[in-house]
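Below is one structure, written out as structure tokens; the observations come after it.
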Amino acid sequence: MPEPAPEPVTIRIRAVGDMVPGNNYPHNHLHPNPRELFAAVQPFLEGADVLFGNFESTMTRSNAAAKDVRRPNVFAFRNPPEYAQLLKQVGFDVLSVANNHAYDFGHQGFLDTVANIEAAGITAVGVKDKIAYTEVKGLRIGWVGFSTSPNQNSILALGSAASLVRQAQANADIVVVSFHGGAEGTGAAHTRNQTEYFFGENRGNVVAFSRQMVAAGADLVLGHGPHIPRAMELYQGRLIAYSLGNFVGYRTLSTRGALAYSLVLEAELDAQGNFQRGQIFPVLITPPGIPQRSTRSESIALIRRLTATDFPETPLVITLDGRLQPRE
């Protein structure tokens, strides 16, 4: 008898949004036992083939802040280099460093951050003109990170962004794009196909960017930056999550209103990068910025509502319990 055909290979990627585990500049606002920051949601961070997050801070010992934190609403985030090992122990495999706080301590602070992340055995994504690669189940995954900040791959330069994604596609089986873009806050929950501004700064057209990256070869697009969960869509068989919201912000990020709604997203892809199914694991961030497992599924309800209003034609079904599946 012929041997049964092998099971088709799929990979499960779990992803979270903005993470600022603490801040020790200019004052020490670090958790006395930082491992406890993730304890309540640890089960959501286990069981996937790859765990991704946006590290919206620095890991450096430099005191040379590139921002004047004496001014109102200006923040320079800094974490001890040892936090890289903490995030590795929690389970993170890949961290984006493409965001508007990556250079809070200048270029040297950025280099320190990348070096500390990689020394802990985590892949850093978002270095300018660079593609990071990981391997899972014999499949090579290319990771490209973008933001609207100087010195980083820009979502505002669609041509060069698409070129980088095409390069990744040529050298990988699956391509994941991470972007930090869009306006911020509870008033920025909706995703529109137009340029967004925040305090006068161009934060990109995240719809045009994401769709063009899919056209260039991206198989999964993970957005972050608005600090609130946003809609999702299935575009040409590829999942786009326009914002994963915050995930941890100990004494740094606001937990006011819907800014506390959070999630762990799971996306299952086949070997060609086609979206198969997914899951939203609901999280609620409680003061002073610690993630907890949600009992009311606020983030699922919000994402369902935003997806229905912002992308009414998308062939993506999001069930009441957070399951994601293509519409049949």
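Of all residues in region 306-328, which are among the β-branched types (Val, Ile, Thr) and part of a loop (DSSP other than H, G, I, E, B)?
Of all residues in region 306-328, those among the β-branched types (Val, Ile, Thr) come to 307, 309, 314, 317-319.
Once the filter is applied, which keeps residues that are among the β-branched types (Val, Ile, Thr) and part of a loop (DSSP other than H, G, I, E, B), region 306-328 yields Thr314, Thr319.
Just to be sure before I move on: is Val144 buried (at least 17 other Cβ atoms within 10 Å of the Cβ), among the β-branched types (Val, Ile, Thr) and in a loop (DSSP other than H, G, I, E, B) in the structure I sent?
Details: buried (at least 17 other Cβ atoms within 10 Å of the Cβ): yes; among the β-branched types (Val, Ile, Thr): yes; in a loop (DSSP other than H, G, I, E, B): no.
Judged against the criteria, Val144 is not a match.
How many residues are under 18 Å from Ala15 (Cα atoms) and in a loop (DSSP other than H, G, I, E, B) if we restrict to region 290-305?
So the answer is 2.
Any residue that is within 28 Å of Asn202 (Cβ to Cβ), touching a residue at least 40 places away in the same chain (Cβ under 8 Å) and part of a loop (DSSP other than H, G, I, E, B) - is there at least one of those in region 23-32? Please lay out each step first, then the result.
Narrowing region 23-32 to residues within 28 Å of Asn202 (Cβ to Cβ): 23, 25.
Retained after the next criterion (residues that are touching a residue at least 40 places away in the same chain (Cβ under 8 Å)): 23, 25.
Next, only the ones that are part of a loop (DSSP other than H, G, I, E, B) stay: 25.
Within region 23-32 (the criterion being within 28 Å of Asn202 (Cβ to Cβ), touching a residue at least 40 places away in the same chain (Cβ under 8 Å) and part of a loop (DSSP other than H, G, I, E, B)), the answer is yes, since at least one residue qualifies.
What number goes with the only condition from (1) buried (at least 19 other Cβ atoms within 10 Å of the Cβ); (2) over 29 Å from Phe198 (Cβ atoms) that Glu135 does not pass?
(1)
Looking at Leu244, is it buried (at least 24 other Cβ atoms within 10 Å of the Cβ), of a type outside the set (Phe, Trp, Tyr) and out of contact with any Phe, Trp or Tyr (no Cβ under 8 Å at 6 or more places or on another chain)?
Numbers: buried (at least 24 other Cβ atoms within 10 Å of the Cβ): yes; of a type outside the set (Phe, Trp, Tyr): yes; out of contact with any Phe, Trp or Tyr (no Cβ under 8 Å at 6 or more places or on another chain): yes.
When the stated conditions are applied, Leu244 passes them.
If I go through region 302-328 residue by residue, how many of them are of a type in the set (Asp, Glu) and buried (at least 18 other Cβ atoms within 10 Å of the Cβ)? Let's see the steps before the verdict.
The initial filter retains those residues of region 302-328 that are of a type in the set (Asp, Glu), namely 310, 313, 321, 328.
Checking the rest, the ones that are also buried (at least 18 other Cβ atoms within 10 Å of the Cβ) come to 310.
Qualifying residue count, region 302-328: 1.
Contact list please: Cβ distance under 7 Å, first residue in region 53-68 and surrounded by 24 or more Cβ atoms within 10 Å (Cβ to Cβ), second residue charged (D, E, K, R) and part of a loop (DSSP other than H, G, I, E, B), pairs at least six apart or on different chains.
Qualifying pairs under 7 Å: Ser57/Arg78; Thr58/Arg78; Thr58/Asp104.
Return the residue satisfying two criteria in turn: it lies in region 253-301 and is closer than 21 Å to Ala189 by Cβ and among the hydroxyl-bearing types (Ser, Thr, Tyr), and of such residues it is surrounded by the fewest Cβ atoms within 10 Å (Cβ to Cβ).
Step by step, filter region 253-301, then rank; the result is Thr286.
Restricting the first residue to region 7-20 and requiring it to be part of a loop (DSSP other than H, G, I, E, B), which pairs with a second residue that is modelled with pLDDT of 95 or more meet a Cβ separation below 6 Å and a spacing of at least six or different chains?
Val9/Lys137; Val9/Ala271
Could you run through region 163-221 and say how many residues are at pLDDT below 95 and touching a Pro at 6+ places or on another chain (Cβ under 9 Å)?
Summing the residues that are at pLDDT below 95 and touching a Pro at 6+ places or on another chain (Cβ under 9 Å) in region 163-221 gives 0.
Could you say whether any residue in region 2-19 is farther than 17 Å from Leu244 by Cα and in contact with a Gly (Cβ under 8 Å, 6 or more places away or on another chain)? I'd like the intermediate steps shown before the answer.
Of region 2-19, the ones farther than 17 Å from Leu244 by Cα are 2-11.
After this cut, where a residue has to be in contact with a Gly (Cβ under 8 Å, 6 or more places away or on another chain) as well, the list is 9.
Checked against the condition, which is being farther than 17 Å from Leu244 by Cα and in contact with a Gly (Cβ under 8 Å, 6 or more places away or on another chain), region 2-19 yields at least one hit.
For residues in region 98-121 being in contact with a Phe, Trp or Tyr (Cβ under 6 Å, 6 or more places away or on another chain) and not in a helix (DSSP H, G or I), which is surrounded by the fewest Cβ atoms within 10 Å (Cβ to Cβ)? Full working, then the answer.
Restricting attention to region 98-121, the residues satisfying the condition of being in contact with a Phe, Trp or Tyr (Cβ under 6 Å, 6 or more places away or on another chain) are 98, 101-104, 110.
Those left that are additionally not in a helix (DSSP H, G or I): 98, 101-104.
Details: Ala98: 30, His101: 24, Ala102: 27, Tyr103: 21, Asp104: 25.
Per the stated criteria, the residue is Tyr103.
May I ask you to verify whether Ala48 is surrounded by 16 or more Cβ atoms within 10 Å (Cβ to Cβ), among the aliphatic types (A, V, I, L, M) and either at pLDDT 95 or above or part of a loop (DSSP other than H, G, I, E, B) (or both)? Steps first, please.
On the way: surrounded by 16 or more Cβ atoms within 10 Å (Cβ to Cβ): yes; among the aliphatic types (A, V, I, L, M): yes; either at pLDDT 95 or above or part of a loop (DSSP other than H, G, I, E, B) (or both): yes.
The answer is yes for Ala48.
Taking region 69-97 as the search range and keeping residues that are of a type outside the set (Ser, Thr, Tyr) and under 15 Å from His224 (Cβ atoms), which one is surrounded by the most Cβ atoms within 10 Å (Cβ to Cβ)? Before the answer, list the steps.
First pass over region 69-97, keeping only residues of a type outside the set (Ser, Thr, Tyr): 69-82, 84-95, 97.
Then keep just the ones that are under 15 Å from His224 (Cβ atoms); that gives 77, 92, 94-95, 97.
Working: Phe77: 26, Phe92: 25, Val94: 22, Leu95: 30, Val97: 26.
Among those that are of a type outside the set (Ser, Thr, Tyr) and under 15 Å from His224 (Cβ atoms), it is Leu95.
Given Ile285, Ile303, which one is among the aliphatic types (A, V, I, L, M) and either under 17 Å from Glu56 (Cβ atoms) or in contact with a Cys (Cβ under 8 Å, 6 or more places away or on another chain) (or both)? Walk me through it before giving the result.
Values: Ile303 fails: either under 17 Å from Glu56 (Cβ atoms) or in contact with a Cys (Cβ under 8 Å, 6 or more places away or on another chain) (or both).
Only one candidate passes the filter, namely Ile285.
Among residues belonging to region 149-164 that are crowded, with 16+ Cβ neighbours inside 10 Å and assigned to a loop (DSSP other than H, G, I, E, B), point out the one that is farthest from the chain's Cα centre (by Cα). Step through it out loud before you land on a result.
Going through region 149-164, the residues crowded, with 16+ Cβ neighbours inside 10 Å turn out to be 149, 152-156, 158, 161-162, 164.
With assigned to a loop (DSSP other than H, G, I, E, B) added as a condition, the list becomes 149, 152-153, 155-156.
Numbers: Ser149: 16, Gln152: 16, Asn153: 15, Ile155: 15, Leu156: 18 Å.
Selected residue: Leu156.
The values are calculated or read from the model by the stated rules, or taken from the named source; none is laboratory data. A quick note: this is a predicted structure, and the numbers were derived from the prediction, not measured. FYI the Cβ positions are ideal-geometry reconstructions off the backbone, even for glycines, and counts take in every protein chain you see.
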